[in-house]
Amino acid sequence: MAGNDKVLIVGGGIGGMSCALSLRRAGISVDLIEIDPAWKIYGAGITITGPTLRALKTLGVLDELRQHGATWEGAYVFTQGGQFIEELSFPPLAADLPGTGGIMRPELHRILSARTLASGAHVRLGTTIETLSQVPGGVKVKLTNGHREQYSLVVGADGIYSKLREREFPEAPHPKFTGQVIYRIVAERPAGFDRTHFYMGADSKLGFSPVSRTHMYMFLLQRSPANPWVAVEDQPRRLYEAMAGWGGIAPQVRETVQTSNAHTINYRPLEAVLMPNPWYRGRVILIGDAAHATTPHLASGAGMAVEDGIVLAEEVTRDGDIEAALPRFMARRFERGRLVVENSLKLGELEMTHGSLTEHGRLMMAAVAALAQPA
């Protein structure tokens, strides 16, 4: 890929912005389209593992994450009632990296979107693809705003419910409910709270992670085979009930879920999907959740999207041959993506079936060790 090539990125989330930043750094022209005219991001906090911190450093945003988020090393594991089980160590992958980090999702979006705009990427909001046709040497696209252009490559970074995946890969698997639902809430950090806390229940898991100097976010994973939707107005009451019987710092947060922190609650069923290899057809390729949406058990979904964007840019700018670059991208990314999705699903299954805490810890640390290897 050369300087006269142009890439269309569909989706202005973490993966799309990471790809745009990486391509712009290599001098490639980028159009990024986002269907949301407000370009907003929803959700609570996000835990950022060592490999993701390494990728964010590559993007040049690590210092801003340190400033607006939180960093630490390791985690404590407790029983549901709050009895200490073990300490997990997440040492830094390099001397200039923290071990683990956390930040509010909207804050990370603000950092990346500002960098994307400053990079010179052309961002079009409130529009998406209307028609797409592959032609020799490129892809002809018409957007819903009427704009027409031919691109050297189209990158689908439009999330777990990717419309581009539906359009270009009609035979692809659909997201599947895993049997778990998750509640998230933001609360003030209590005194002495300086790292992740996990609480392991019989068929559920509760966790807390810092997201700034003053706040943390909590998640509660629950087994819910029927996949019931909980109305927004019922979520505070349901979360309050679900938090009964948890120890440690949970009781003091529980007292806020129906009052001061009710507005921060985020609830959703957990779904996952893994595209078979390859994630491309012609000159259309999927990255991030569009190709390998996972559950939060390894805190690696966002990091995998960032890595995808970086690696894709590296490969397509290596020698100018896009047809050769896409198989190289898959050689670097498929097994890593599969590891995250499959191990996350196994962790969730252990949590839902009263599985061994020892096996849960072993599986998690094995995945952490594998992901510590370069992307």
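The values are calculated or read from the model by the stated rules, or taken from the named source; none is laboratory data. Every value quoted in this text rests on a predicted model; they were computed, and no experiment measured them. Cβ atoms come from the backbone with ideal geometry, glycine included; neighbour counts cover every protein chain shown. Only protein heavy atoms, including side chains, enter the accessible area calculation; ligands, DNA and RNA are left aside. Shrake-Rupley method; radii C 1.70, N 1.55, O 1.52, S 1.80 Å.
Side notes on the structure shown:
- Over the stretch 134-199, all Cα pairs binned in 5 Å intervals from 0 give whole-percent P(r) values of 3, 10, 13, 15, 11, 8, 7, 9, 9, 8, 5, 1, 0, listed from short to long.
- Residue with peak Gaussian network fluctuation, the chain [Cα springs, cutoff 10 Å], from E34, E171, E107: E171
- Acute angle (nearest 10 degrees) that the helix 14-25 long axis makes with the longest principal axis of the chain, alpha-carbon atoms: 40
- Calculated FRET value between V232 and R338, using beta carbons and R₀ = 41 Å, to 0.05: 0.75
- Out of every Cα-Cα pair that the stretch 246-292 contains, those further apart than 11 angstrom amount to 76 percent.
- Modelled spin labels at R281 and A118, positioned 7 Å past Cα toward Cβ, are 3.9 nm from each other.
- Over the stretch 45-179, the reciprocal of the mean inverse Cα-Cα separation, the Kirkwood hydrodynamic radius, stands at 18.7 Å.
- Of all aspartates and glutamates in the structure, those lying under 18 Å Cα to Cα from K205, and not within fewer than 8 positions of it along the same chain, are E86, E87, E241, E271, E349, E351, E359.
- Hydrodynamic radius of the chain per Kirkwood, over alpha carbon pairs, in Å: 21.2
- Cα-derived Rg to Rh of the stretch 243-375, Kirkwood definition: 1.09
- Take every pair of alpha-carbon atoms less than 8 Å apart whose residues are at least six positions apart; their mean separation over the length of the stretch 158-255 yields a relative contact order of 25 percent.
- Mean ellipticity per residue at 222 nm, deg cm²/dmol - from DSSP H runs of n ≥ 4 across the chain, formula -39500 (n - 2.57): -10500 deg cm²/dmol
- Between helix 322-352 and the chain: long-axis angle, C-alpha atoms, 0 to 90°, nearest 10: 20
- Straight Cα distances below 13 angstrom link K140 to the aspartates and glutamates E130, E149, with same-chain residues fewer than 8 positions distant left out.
- Enclosing the Cα atoms of the stretch 103-217 in their convex hull gives a volume equal to 171 cubic angstrom per residue.
- Solvent-accessible area per residue for the stretch 148-272 (1.4 angstrom probe, square angstrom): 45
- Legend: translational diffusion of the stretch 1-101 by Stokes-Einstein, Rh = Kirkwood radius over C-alpha pairs, 20 °C, 1.002 mPa s; D = 131 µm²/s.
- Counting only protein heavy atoms and a 1.4 Å probe, the stretch 299-375 has 40 square angstrom of accessible area per residue.
- Close amide H contacts of F78 (hydrogens built in the peptide plane, cut-off under 5 Å, sequence separation of 5 or more or a different chain): I85, F198, Y199, M200.
- For the stretch 1-153, DSSP calls about 70 percent of its internal beta bridges antiparallel.
- Shape index of the stretch 42-112: Rg/Rh, with Rg the Cα radius of gyration and Rh the Kirkwood radius from the inverse mean 1/r over Cα pairs, equals 1.04.
- All lysines inside 18 Å of K176 as judged from Cα atoms, apart from same-chain residues fewer than 8 positions distant: K163, K346
- Accessible carbon and sulfur surface of the stretch 18-151 relative to its total accessible area, %, 1.4 Å: 51
- Take every Cα pair under 8 Å whose residues are at least 6 apart in sequence, average their separation, divide by the length of the chain, and the relative contact order is 22 percent.
- Using θ = phi - 60° and Karplus 6.51 cos²θ - 1.76 cosθ + 1.60, couplings along the stretch 360-375 (whole Hz; Gly, Pro as x): 4, x, 5, 5, 5, 6, 5, 5, 4, 5, 5, 6, 5, 5, x, 6
- When Rg and the Kirkwood radius Rh are both evaluated on Cα atoms of the stretch 259-327, their ratio Rg/Rh stands at 1.15.
- Rounded percent of accessible protein surface that carbon and sulfur make up, the stretch 224-294, 1.4 Å probe: 50
- Stretch gain in nm, segment A366-A191, where the contour uses 0.36 nm per residue and the Cα spacing is subtracted: 59.8 nm
- Beta bridges by DSSP in the chain, antiparallel share as percent, to the nearest 5: 70
- Helix axis angle, 105-118 relative to the chain longest principal axis, alpha carbon, degrees: 20
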